[in-house]
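The values are calculated or read from the model by the stated rules, or taken from the named source; none is laboratory data. As the structure is a computational prediction, the values presented were derived from the model and not from experiment. Virtual Cβ from ideal backbone geometry, glycine too; neighbours counted across all protein chains shown. The accessibility values were calculated without ligands, DNA or RNA, using every heavy atom of the protein model including side chains. Shrake-Rupley method; radii C 1.70, N 1.55, O 1.52, S 1.80 Å.
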Amino acid sequence: MTSTVPTAVHDEQETRAHQALLPMTMFGPDFPYAYDDFLAHPAGLGQIPATEHGAEVAVVGGGLSGLVTAYELMKMGLKPVVYEADRIGGRLRTVGFDGCDDTLTAEMGAMRFPPSSTALQHYIDLVGLKTQPFPNPLAPDTPSTVVDLKGESHYARTIDDLPPVYREVADAWNACLEEGADFSDMNRAIRERNVPRIREIWSRLVEKLDNQTFYGFLCDSAAFTSFRHREIFGQVGFGTGGWDTDFPNSILEILRVVYTEADDHHRGIVGGSQQLPL
């Protein structure tokens, strides 16, 4: 889905503040478990009796999940056999264009990922791949962003290059998250891996918002009383762009994304995402 970002405005001050915080991970809110610590543990993911070393294990599918599984089984002393009907990589597939420079490619599946995907980053680091900032709209490394709404176009490097109403929408979204979903408190708890606090906040919000839609959540916020602001937010948005197609979805699904910054500070793999499975 096209999801939302908690930090609607990127600037140098925000970037420095972000870097000074404890690292964000996908630690919650439903299942606060340190998968990245588990993957990086010196003892590995498990052990196999020595009598079973060398036993063949079938792995069906040569996508990223299948290859990671095969790799971890091999580390345990087993002999994985990967069965793939097509090409290695699954949804991670990078393709070129006939007659064009080899460096000109397109991603047919996943093309960007957030730093909070620390389990994925574990394997990127393991095989020595490099990443680079992904040019989301208004992101610090994006040369320019074109915002077109109802036939009116604006070219922007930062949000300050847009009409004031766009800053108002960004501020309204941040205020909406803070007032209605305890964003800063939950974000801090996830960074600190504070399980009791995460569960306390999330349990209260699930009880309160279990039947609430994304759009209903916006309408209930004092910051989003303006229909015009909600319209711009839905059609244009910030970060990865508009997300009014998500308005009927549960707000809890949106919060799962924004709390963990899953749609922010995106990066791409140098050479294409298929480098990882290869």
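If you take all other residues with their beta carbon under 12 Å from the beta carbon of Ala70, and give Lys and Arg +1 and Asp and Glu -1, the sum is -1. Would you look at the GNM of the chain, springs on alpha carbons closer than 10 Å, and say which of Gly151, Gly237, Gly90 moves the most? Maximum fluctuation in the GNM of the chain, among the listed residues, is at Gly151.
Taking the stretch 140-165 and a reference point 7 angstrom along Cα→Cβ of Arg228, the backbone N atoms nearer than 15 Å belong to 149-150, 152, 163-165.
Rolling a 1.4 Å probe across the protein heavy atoms gives the chain an accessible surface of 54 Å² per residue.
Expressed as a whole percentage, what fraction of the accessible surface of the stretch 200-278 belongs to carbon and sulfur atoms when a 1.4 Å probe is rolled over the protein heavy atoms? Answer for the stretch 200-278 is 48 percent, counting heavy atoms of protein chains only.
Modelled label positions at Asp220 and Glu192, each set 7 Å beyond Cα in the direction of Cβ, lie 2.6 nm from each other. Per-residue accessible area (protein heavy atoms, 1.4 Å probe) orders Ser65, Ser273, Ser250, Ser203 as Ser65, Ser203, Ser250, Ser273, starting from the largest. To the nearest 10 degrees, how steep is helix 183-192 against the longest Cα principal axis of the chain, on a 0 to 90 scale? Between the helix axis and the principal axis of the chain, the angle is about 20 degrees. Report the FRET efficiency, 1/(1 + (r/R0)^6), for Arg199 and Leu104, where r is their Cβ-Cβ distance and R0 is 45 Å, rounded to 0.05. According to the calculation, E is roughly 0.40. Placing unit charges on the Cβ atoms only, positive for Lys and Arg and negative for Asp and Glu, gives the stretch 105-254 a dipole magnitude near 360 debye about its Cα centre.
Name the residue, out of His41, His266, His122, whose mean-square fluctuation peaks in a Gaussian network model built on the chain with Cα pairs under 10 Å. Answer for the Gaussian network model of the chain: His41. Using the Cα coordinates of the chain, the gyration tensor eigenvalues translate into equivalent-ellipsoid semi-axes of 37, 25, 16 Å, sorted from longest to shortest. For the chain, the residue among Pro135, Phe247, Ser203 whose Cα projects farthest onto the positive side of the dipole built from Cβ charges is Ser203.
The label-point distance for Ala55 and Val95, in a model that sets each label 7 Å from Cα toward Cβ, rounds to 4.1 nm. The gain in end-to-end length when the Asn249 to His154 segment is fully stretched comes to 31.3 nm, 0.36 nm per residue minus the alpha carbon separation. Residues considered: Asp86, Asp244, Asp182. Largest GNM mean-square fluctuation over the chain, using C-alpha springs under 10 Å, is found at Asp86.
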